[in-house]
1. Show that you can apply the helix-only estimate: for the chain, add -39,500 (n - 2.57) for every DSSP H stretch of four or more residues, divide by all residues, and state [θ] at 222 nm to the nearest 500.
2. At residue 236 and residue 51, where each label point lies 7 Å from the Cα along Cα→Cβ, what is the point-to-point distance in nanometres?
3. In a solvent-free Debye calculation with one equal scatterer on each Cα, what is log10 I(q)/I(0) for the range 189-270 at q = 0.13, 0.16 Å⁻¹, listed in the order of the q values?
4. Tell me, in nm to one decimal, what length is gained between residue 299 and residue 188 on full extension, where the rule is 0.36 nm per residue of separation less the Cα-Cα distance?
5. How many angstrom lie between the Cα centre of the range 321-353 and the Cα centre of the range 234-268?
6. Please give the contour-minus-distance gain from residue 160 to residue 178: 0.36 nm per residue of separation, less the Cα-Cα distance, rounded to one decimal in nm.
7. Roughly how many nanometres apart are two label points built 7 Å out from the Cα toward the Cβ at residue 206 and residue 283?
8. Give the Rg (one decimal place) followed by the Dmax (whole number) of the range 39-158, computed from C-alpha coordinates and expressed in Å.
């Protein structure tokens, strides 16, 4: 899991790097609101500085300002995090390789300074003619170490994670895509999470580009963070001298799906209604899914109920996701982008609104 709209400044490196190849500076702001309730404001700026056709440097700045109100016994939290990163991109087209390395430092009040790292290796191979390859095969391998920021309670508890992912994709005549993904995430509290999915997407209309597909997804965690977060005294029986309490539960400090799996329908639309304007939308709608939830009583006569570690199967557990983007090419040098995202599942939902711009010197 896991930003107000402000004027974007994107000109701070132009004088310094004007003698290099064409540089790109981009900046974006994202507002995320979830139902905990919490608000996240993300602001990021990135500069890409090519030194040759195959080698470039990259500088990034990322800031998080987040506030969470009291919720079901969860405390009010307010956090600020700042990250500075530097990295490089290496392209070896002769071998179909692309390498992206990024390292940085993350710091914030109340949280220790943390070194972060991201490494990404991509291999691409075309089969057939260069103009219209019959097959395009792509393999992506990635390794990441960073702070968990999907929910503010994880920031408060200083949760870190290391993640390794792999993805294999095959594209046929730019019309049919088949992709498989597998990832393992290891948290600093000794928990870990496994995620895997596979999907097939086929073009059904060419203009606008409409694609429909099917996906199967699976997620599982080593341990469950579903736990008691609040106890409320509601009544007292003076005859039997028994108190009655109501209990509230939530995933703390971050979400841990247990054996969630299911079938998903995917729809993607990409359309350019007029010159310099591109619309993109994607919807992922689960049609059949199930997962395990921990059984815990809603009320009882003790302040804290016994956790029997008993699970039951529930259905319709996978999220519905809708993403939409509007890209406008203002000039040969300026690109503006507006993004919207909706995510909802039975126990959690959030919305994202983003605004970004890129400038090519």
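1. Numbers: 1 runs with 5 residues, N = 361.
-500 deg cm²/dmol, from helical runs alone.
2. Calculated label separation equals 7.4 nm.
3. -0.68, -0.79
4. 36.7 nm
5. Taking the Cα centre of each part, the range 321-353 and the range 234-268 sit 31 Å apart.
6. Working: separation 18, 0.36 × 18 = 6.48 nm, distance 3.21 nm.
Here the segment from residue 160 to residue 178 would lengthen by 3.3 nm.
7. Rounded to a tenth, the inter-label distance reads 2.6 nm.
8. 19.3, 62
Rule-based calculations on the coordinates, nothing more; no lab input. Model, not experiment: these values are computed from the prediction. Please note: Cβ atoms are built from the backbone with ideal geometry, for glycine as well, and neighbour counts cover all protein chains shown.
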